[in-house]
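*Asks:* Below you will find the structure I want to go over with you.
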Amino acid sequence: MSELSIVAHKMVEKNKGILAADESTPTCNKRFKNLKIESTPESRNFYRNFLFTSLDIEKYISGIILFDETFYQTELSSGMTFPEYLISKDILPGIKVDKGLEDFGSSEKLTQGLDGLSKRLAKYYSLGARFAKWRAVITPGDGIPTDDCILANAKNLAKYAVKCQQTNLVPIVEPEVLMDGSHTIDDSFDITSRTLNTVFDQLQKHKVNLQGIVLKPNMVLSGYNCSYQADITEVAEKTINCLSAHVPAEVPGIAFLSGGQPDEDATMHLNEMNKYETDWNLTFSYGRALQQPALKAWSGKLENVEKAQAVFIDTAKANSLATAAGL
Ligand code: 13P
């Protein structure tokens, strides 16, 4: 197996998943502000430090996606950089490399970041990163998403994936169909189908090695403001059907984003989907659904750190069990 394929398989190994801790500074500021936590480079370092040093994290977490700032910060007791520390715990360090969203027409978005990307990737690899992430955002709404926007995002995802693989980094390919809005689960199914179809078409046209990627899609859910909310079994069935129709069997694994759904729902959806026989391992790459309970338990207070670490490990363990339908 190639290095890429070995790393991709390790990222989606059974009973483990990925922690997305790559919130940009503005996003981190927002999450901290909601809980009245001061956001400074030091407080962000402190927070990531206590998450990553939680006891037994390596039993449940295969890899952690970092933001550029965190990539150069340190594990506080050893002074190692976070990538060095994670490698010492047998956790793969990953790095978010897109540069965020730009307007595409009046109500859609196109992810930026291809300029100078190869150089940045080589540097991250030399400092320990073994995988990268690029998030494309597809917005459901009146007359959107357009085919043009889906195609433009899919092309950028494919170009990013090629550059990653040239640098021996496994690309996480993340086309996120947003679930904010009043669209139905069937709309969500159709938009996710169109998106995945275009993304895999572009990956193949750009000759991306599909055995060396991890797909990070949304689950197929009812829009959060839709009057009919599909239950766990319907979400699992529709998500699996949608993925089965579009994701080639060579892809080693699918690691879902949580997308702002309640934490327990994200866990139970993953558990239900793992009752199906699929060609790929199904796991998590959650940001909010893994961090929100711990962040709340901490609330910026030193005396809450131990409790917050225990909450984080409980959440990670539940999701680890869900990767084997063990709940
Ligand atoms: P959420 O799980 O909070 O959606 O975050 C995952 C992620 O990495 C988004 O890019």
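The values are calculated or read from the model by the stated rules, or taken from the named source; none is laboratory data. Computed from a predicted structure; not experimentally measured. In this analysis, Cβ positions are derived from the backbone assuming ideal geometry, glycine residues included, and neighbour counts consider all displayed protein chains. Remember, those area values only see protein heavy atoms, side chains included, never the ligands or the DNA or RNA. Shrake-Rupley method; radii C 1.70, N 1.55, O 1.52, S 1.80 Å.
*Asks:* If I take every Cα pair under 8 Å that is 6 or more residues apart in segment 121-232, average their sequence separation and divide by the length, what percent do I get for the relative contact order?
*Replies:* Details: 188 pairs, mean separation 36.0, N = 112.
Averaging sequence separation for qualifying contacts and normalising by length gives 32 percent for segment 121-232.
*Asks:* Please calculate how many Å² of accessible area segment 1-120 carries per residue, with a 1.4 Å probe and no DNA, RNA or ligand atoms counted.
*Replies:* I get 46 Å² per residue for this part.
*Asks:* Once every DSSP H run of n ≥ 4 in the chain is given -39500 (n - 2.57) and the sum is divided by its residues, what mean residue ellipticity at 222 nm do you get, rounded to the nearest 500 deg cm²/dmol?
*Replies:* Details: 13 runs with 152 residues, N = 327.
The helix-only estimate for the chain comes to -14500 deg cm²/dmol at 222 nm.
*Asks:* Among the complete DSSP H segments of the chain, which ones combine at least 24 Å of alpha-carbon extent along their axis with a mean Kyte-Doolittle hydropathy of 0.0 or more? Mind dumping the intermediate values first?
*Replies:* Working: long enough: 147-166 (28 Å, -0.28); 185-205 (30 Å, -0.49); 305-322 (26 Å, 0.29).
For the chain, where a helix must reach 24 Å along its axis and average at least 0.0, the hits are 305-322.
*Asks:* For the chain, what is the charge dipole size about the Cα centre, in debye to the nearest 20, if Lys and Arg each add +1 at the Cβ and Asp and Glu each add -1 at the Cβ? Could you put the intermediate results ahead of the total?
*Replies:* Working: 34 positive and 41 negative charges, 206 e Å.
Once rounded to the nearest 20, the dipole reads 980 debye.
*Asks:* Let me know the charge dipole size of segment 1-120 about its Cα centre in debye, to the nearest 20, where only the beta-carbon of Lys, Arg (+1) and Asp, Glu (-1) is charged. Before the final figure, lay out each step's value.
*Replies:* On the way: 16 positive and 18 negative charges, 57 e Å.
Approximately 280 debye in magnitude.
*Asks:* Given DSSP loops and a limit of at most 14 other Cβ atoms within 10 Å, what is the longest stretch of the chain that contains no such chymotrypsin sites (Phe, Trp or Tyr not before Pro)? The partial results should precede the final answer.
*Replies:* Values: sites that count: Y72, Y228.
Value returned for the longest uninterrupted segment is 73-227.
*Asks:* Choose one of M11, W134, P93: the residue whose Cα lies farthest towards the positive end of the charge dipole of segment 5-144 (beta-carbon charges +1 Lys, Arg; -1 Asp, Glu; about the Cα centre).
*Replies:* M11
*Asks:* Turning to a different aspect of this structure: If you put +1 on each Lys and Arg Cβ and -1 on each Asp and Glu Cβ, how big is the dipole of segment 141-233 around its Cα centre, in Debye rounded to 20?
*Replies:* Dipole about the Cα centre, nearest 20: 720 debye.
*Asks:* Just R120, R135, R48 to compare: in a GNM of the chain, with alpha carbon springs under 10 Å, which one fluctuates most?
*Replies:* R120
*Asks:* Give me the accessible area per residue for segment 260-327, probe 1.4 Å, as a whole number in Å². Don't skip to the end; give the middle numbers.
*Replies:* Numbers: 2990 Å² over 68 residues.
I get 44 Å² per residue for segment 260-327.
*Asks:* May I pose another question? Tell me which of N153, S106, P26 sits at the most positive position along the dipole axis of segment 1-155, charges placed on C-beta atoms (Lys, Arg +1; Asp, Glu -1).
*Replies:* Final value for the positive-end residue is P26.
*Asks:* What percent do you get for the relative contact order of segment 214-327 when only Cα pairs under 8 Å and 6+ apart count?
*Replies:* Numbers: 164 pairs, mean separation 30.7, N = 114.
It rounds to 27 percent for segment 214-327.
*Asks:* Whose amide H sits under 5 Å from the amide H of T184, counting only residues 5 or more places off or on another chain, with H placed in the peptide plane?
*Replies:* Close amide H contacts, sequence-distant or interchain: G223.
*Asks:* How would L321, L196 rank on accessible area, largest to smallest, probe 1.4 Å?
*Replies:* Details: L321 75, L196 5 Å².
Listed by decreasing accessible area, they come as L321, L196.
*Asks:* Which residue, N274, N29, N156, has the most motion in a Gaussian network model of the chain that connects Cα atoms within less than 10 Å?
*Replies:* Ranking N274, N29, N156 by mean-square fluctuation puts N29 first.
*Asks:* On to the next question. For the chain, what is the relative contact order in percent, using Cα pairs closer than 8 Å and at least 6 residues apart in sequence?
*Replies:* With pairs under 8 Å counted, the relative contact order is 20 percent.
*Asks:* Please report, as a whole percent, how much of the solvent-accessible surface of the chain comes from carbon and sulfur atoms (probe radius 1.4 Å). Intermediate results must be reported in sequence, preceding the final value.
*Replies:* Details: 6720 of 13450 Å².
The value for the chain is 50 percent carbon and sulfur by accessible area.
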